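The values are calculated or read from the model by the stated rules, or taken from the named source; none is laboratory data. The structure displayed is predicted, hence computed values, not measured ones. Cβ coordinates were reconstructed from backbone atoms using ideal geometry, including for glycine residues, and neighbour counts include every protein chain displayed. What goes into the accessible areas is simple: the full protein's heavy atoms, side chains included, and nothing from ligands, DNA or RNA. Shrake-Rupley method; radii C 1.70, N 1.55, O 1.52, S 1.80 Å.
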Amino acid sequence: RLDELGGAAGVLCVLTTTSCFAPRAPDLVDEVARLCAARGVAHVVNNAYGTQCARITRLLRRAHAVGRVDLVVQSTDKNLMVPVGGSIVASSSRDAVERVSRAYPGRGSAGPAMDVLITLLAMGAEGYRGLLAAREGLAPRFAERLRGVAEAAGGSLLDVPENGISVALRLGARSTAAGPTMLGSMLYHRGVSGARAVAPGAVKAIGGHEFRNWGAHHDDYPHAYITLACSIGFQEHELGILAARLEATMAEHAGRAGAA
């Protein structure tokens, strides 16, 4: 496909993603890096949550070793537990980072940089490594606990072992009938932030391209589902709170379908 588009002369860059909502798994970033190196095409990686995931950091190291990776972009709020609004652009090339810096208009607030500095100084290197290790250890238990919640409600956990951060719960028939997006709203108002509800069948057109099953990662996936993430800072005792709220809210939501 790169050759069809004219290679480096016709393609600005290839954009890959390492971390995304389940059921999507990380792209084959190392294989794309090899391809970009061979074709002389720039390669930018969306690494939104990936800094906190050991599997993804290994993937990025391998991609750098075997091919071309120009820039890696990650969110500060998702990886460093600071307020939303900042990102870190990283590269093995100092020149690439300086060119990005020169292109920035310079009108943004210094707040995100100060947030990161203060947070890292407060945690220290050992504190941050401890949070990373705790998240890695909790992730399997997070998935299994939510598997039980989903199955009790007539749904299931979508098995995506390559995604070490996000999990997706397929909704049962009653929750689907009651409206998946309503479930997402109910969870938010009950203190479960970050849950994302996906309803099948939505179509959206952007720039002349039509996206079927908008919000999902497959044109033809027929089931409604919700996603949740086991991200840095999440603690063991919070898993029980999350499971209890999720169970209660899903039962209330499914009851609306029965009442209707």
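For the stretch 23-67, a residue qualifies if it is closer than 12 Å to ILE165 by Cα and in contact with a Lys or Arg (Cβ under 7 Å, 6 or more places away or on another chain), and the qualifying residues are ALA48, TYR49, GLN52. Among residues of the stretch 49-69 that are closer than 19 Å to CYS20 by Cα, none has a Cβ under 6 angstrom from a residue that is buried (at least 18 other Cβ atoms within 10 Å of the Cβ) and aromatic (Phe, Trp, Tyr) at a sequence gap of 6+ or on a separate chain.
Given the criterion at pLDDT 95 or above and exposed (fewer than 15 other Cβ atoms within 10 Å of the Cβ), identify the matching residue among ALA139, ALA134, ALA122. Walk me through it before giving the result.
Working: ALA139 fails: exposed (fewer than 15 other Cβ atoms within 10 Å of the Cβ); ALA134 fails: exposed (fewer than 15 other Cβ atoms within 10 Å of the Cβ).
Checking each option against the conditions leaves just ALA122.
Within the stretch 90-118, can you find the residues that are closer than 26 Å to ALA133 by Cβ and within 22 Å of the chain's Cα centre (by Cα)? Step through it out loud before you land on a result.
First pass over the stretch 90-118, keeping only residues closer than 26 Å to ALA133 by Cβ: 90, 92, 112, 115-118.
ALA90, PRO112, ASP115, VAL116, listed by residue number.
Has the stretch 222-235 got at least one residue that is open to solvent by less than 50 Å² (accessible area, probe 1.4 Å), of a type in the set (Ser, Thr, Tyr) and touching a strand residue (DSSP E or B) at 6+ places or on another chain (Cβ under 6 Å)? There is at least one residue in the stretch 222-235 that is open to solvent by less than 50 Å² (accessible area, probe 1.4 Å), of a type in the set (Ser, Thr, Tyr) and touching a strand residue (DSSP E or B) at 6+ places or on another chain (Cβ under 6 Å). Of everything listed in (1) open to solvent by 30 Å² or more (accessible area, probe 1.4 Å); (2) in contact (Cβ under 8 Å) with a residue 12 or more places away in the chain; (3) not aromatic (Phe, Trp, Tyr), the single unmet condition for GLU4 is (2). All told, VAL69 falls short of being under 30 Å from ALA110 (Cβ atoms) and either modelled with pLDDT under 95 or among the basic types (Lys, Arg) (or both).
Looking at the stretch 25-60, which of the residues that are among the basic types (Lys, Arg) and either open to solvent by less than 20 Å² (accessible area, probe 1.4 Å) or touching an Asp or Glu at 6+ places or on another chain (Cβ under 9 Å) (or both) is farthest from SER87 (Cα to Cα)? So that I can check it myself, show each step before the final result.
Applying the first criterion (among the basic types (Lys, Arg)) to the stretch 25-60 yields 34, 39, 55, 58.
Okay, now just the ones that are also either open to solvent by less than 20 Å² (accessible area, probe 1.4 Å) or touching an Asp or Glu at 6+ places or on another chain (Cβ under 9 Å) (or both), so 39, 55.
Values: ARG39: 29, ARG55: 21 Å.
By that ranking, first place goes to ARG39.
Per this entry, GLY127 is counted among residues that are over 30 Å from ALA251 (Cα atoms) and modelled with pLDDT of 95 or more.
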